[in-house]
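Below: the structure, in structure tokens.
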Amino acid sequence: MKKIAIFGAGGFGREVQMLIEQINEAKPTWDFIGFFDDDFSHARYIQPEQQLGGMDALNNWPEDIGLVLAIGNPVVKRKILGRLTNTRVTHPVLIHPGVIMGRRNVAIGAGTIICAGNILTIDIVIGQHVILNLSCTVGHDSIIGDYASFMPTVNISGEVSIGEAVFVGTGAKIINQLEIGAETVVGAGAVVSKSLPARCTAVGMPAKPIKFHDA
């Protein structure tokens, strides 16, 4: 079994550890060795022997290792990856064994995490280091950019295009044939019924931008 570690020692990191355990229950695949994080002060329930160090320790890790990033904020996740220089690190895809996924033309990028309860249909492209948290749905002909994060029970309808580093809050719904621009934040429970521009925060039913972020 190949060694794997998680960057991010918060609550979602522990949930990803659970996901790895569930994958191993279905088919022994991963030897989980612990967590990397630049700050373990918030690392409740993580034993000291599983605290492997920060980015410096990861960049100097002496053997091949798989790494996934349990970081919900897409922009922070991208910055962390930009600091990674160790060529012995690879980024496996983690998919819960109970995920329902079409067999036709579903492409999933490196480092993506797909948690329990997800349903992905057909003709879908998902970028690198995407998080699909518990019980999300992704419809046909949808495209999801790198680093995007979707919190539990997000519904993405068909023919939706989502830009890089988008964050979508719990329970949001995205109607079909829409676009969401890069680095946009969609609030929890929002209903996106019209396309959204890049680098804004949108909330409500229907979702409307309430502020814009600097590029």
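The values are calculated or read from the model by the stated rules, or taken from the named source; none is laboratory data. This structure is a prediction, so every number in the text was calculated from the model and none was measured. So basically every Cβ, Gly included, is an ideal-geometry build from the backbone, and we count neighbours across all protein chains shown. All accessible areas refer to the heavy atoms of the entire protein, side chains included, with ligands and DNA or RNA removed. Shrake-Rupley method; radii C 1.70, N 1.55, O 1.52, S 1.80 Å.
Tabulated results
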| quantity | calculated |
| --- | --- |
| Test result for residue 33, modelled with pLDDT of 95 or more, open to solvent by less than 50 Å² (accessible area, probe 1.4 Å) and within 30 Å of residue 140 (Cβ to Cβ) | no |
| Top-ranked residue of region 111-143 - restricted to ones that are open to solvent by 40 Å² or more (accessible area, probe 1.4 Å) and of a type in the set (A, V, I, L, M), ranked as farthest from the chain's Cα centre (by Cα) | 122 |
| Members of region 109-124 found to be closer than 17 Å to residue 165 by Cβ and either acidic (Asp, Glu) or in contact (Cβ under 8 Å) with a residue 24 or more places away in the chain (or both), listed by number | 109, 111, 113 |
| Selected residue [under 24 Å from residue 201 (Cβ atoms), in contact (Cβ under 8 Å) with a residue 12 or more places away in the chain, surrounded by 15 or more Cβ atoms within 10 Å (Cβ to Cβ) and over 15 Å from the mean Cα position of the chain (by Cα)] from 106, 154, 160 | 160 |
| Qualifying positions in region 88-124 - farther than 21 Å from residue 71 by Cβ and polar (S, T, N, Q) | 105, 121 |
| Unmet criterion (only one of (1) open to solvent by 40 Å² or more (accessible area, probe 1.4 Å); (2) farther than 22 Å from residue 5 by Cβ) for residue 97 | (2) |
| Verdict on residue 182 being in a loop (DSSP other than H, G, I, E, B) and either touching a residue at least 40 places away in the same chain (Cβ under 8 Å) or touching a strand residue (DSSP E or B) at 6+ places or on another chain (Cβ under 8 Å) (or both) | no |
| Any hit, region 189-196, residues being under 16 Å from residue 73 (Cα atoms), open to solvent by less than 10 Å² (accessible area, probe 1.4 Å) and out of contact with any Asp or Glu (no Cβ under 9 Å at 6 or more places or on another chain) | no |
| Unmet criterion (only one of (1) under 27 Å from residue 105 (Cβ atoms); (2) touching a strand residue (DSSP E or B) at 6+ places or on another chain (Cβ under 7 Å); (3) part of a loop (DSSP other than H, G, I, E, B)) for residue 125 | (3) |
| Region 163-177, residues that are open to solvent by 10 Å² or more (accessible area, probe 1.4 Å) and within 22 Å of residue 128 (Cβ to Cβ) | 163, 164, 167 |
| Positions within region 3-30 being closer than 18 Å to residue 65 by Cα, of a type outside the set (Val, Ile, Thr) and either in contact with a strand residue (DSSP E or B) (Cβ under 6 Å, 6 or more places away or on another chain) or open to solvent by less than 50 Å² (accessible area, probe 1.4 Å) (or both), in sequence order | 3, 5, 7, 8, 9, 13, 17, 19, 24, 30 |
